[in-house]
Amino acid sequence: MISPRSLVKTANLELVPKSRDDVQAMIDGMDANEKAQLSADWLARFYVSTTPDPWVHGFSAKHLQSGVIIGTGMFKAPPVDGVVEIAYGIAADHRGKGYATEIAGALVGFAFSFEEITVVRAHTLPDSSASQRILANCGFEHVGEINDPEDGLVWRFEMRKQNQARRGP
């Protein structure tokens, strides 16, 4: 169930919880290559979901001034052992304006509004300097490399709740 804290605003964006139908429409609109990149675990969670769930369905990023959906933010899975992983994307014509940083920061704030979540994680490809800058701007720290079963070698970034609290909103 979506709680009031699911409605997240930033300086320029509102993160609007996606419905199951929104996500299904997104999947239906993907080409074969895009569909092949979807996580099998996430798809399994999605296909059994019946009610709006920010941990599965994520958010659309709506530009406050224009009302246009310019991107998306989501969690790769519900929290496990106090850890959740974020993912985000911006439409090509809206990149380079700081919106991805706003989405990432809003996802962190949303996650840390739950007492049980103590770490927010994100992964980037080693050569993805734009994503790495976004995470650094949000206060994430590079903590190492891992071999992700779906993405191969990725760099892991994390933010701990106590570090986020010191940074402020």
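Quick notes
- Of everything in the range 4-26 that is surrounded by 13 or more Cβ atoms within 10 Å (Cβ to Cβ) and over 23 Å from VAL108 (Cα atoms), the residue that is modelled with the lowest pLDDT is MET26.
- Residue match in the range 148-162 (condition: more than 14 Å from the chain's Cα centre (by Cα), in contact (Cβ under 8 Å) with a residue 40 or more places away in the chain, more than 21 Å from LYS18 (Cα to Cα) and not in a helix (DSSP H, G or I)): yes
- Considering residues of the range 70-116 that are β-branched (Val, Ile, Thr), in contact (Cβ under 8 Å) with a residue 24 or more places away in the chain and surrounded by fewer than 20 Cβ atoms within 10 Å (Cβ to Cβ) only, the residue farthest from MET26 (Cα to Cα): VAL83
- Filtered by the rule that a residue be surrounded by 13 or more Cβ atoms within 10 Å (Cβ to Cβ), of a type in the set (A, V, I, L, M, F, W, C) and either in contact with a Pro (Cβ under 6 Å, 6 or more places away or on another chain) or modelled with pLDDT under 95 (or both), the range 155-169 gives a lone residue, TRP155.
- Within the range 2-12, none of the residues are assigned to a loop (DSSP other than H, G, I, E, B) and of a type in the set (Lys, Arg).
- Within the option set VAL56, VAL84, being in a strand (DSSP E or B) and under 19 Å from ALA106 (Cα atoms) holds for one residue only, VAL84.
- In the range 51-69, residue surrounded by the fewest Cβ atoms within 10 Å (Cβ to Cβ) [restricted to those that are out of contact with any strand residue (DSSP E or B) (no Cβ under 7 Å at 6 or more places or on another chain) and of a type in the set (Gly, Ala, Ser)]: GLY67
- Any hit, the range 68-87, residues being of a type in the set (Ser, Thr, Tyr) and more than 22 Å from ARG156 (Cβ to Cβ): no
- For the range 143-152, a residue qualifies if it is at pLDDT 95 or above and closer than 10 Å to THR124 by Cα, and exactly one does: GLU145.
The values are calculated or read from the model by the stated rules, or taken from the named source; none is laboratory data. None of the values given here were measured: they were computed from a predicted structure. Note that each Cβ is placed from the backbone with ideal geometry, even for glycine, and that neighbours are counted across all protein chains shown.
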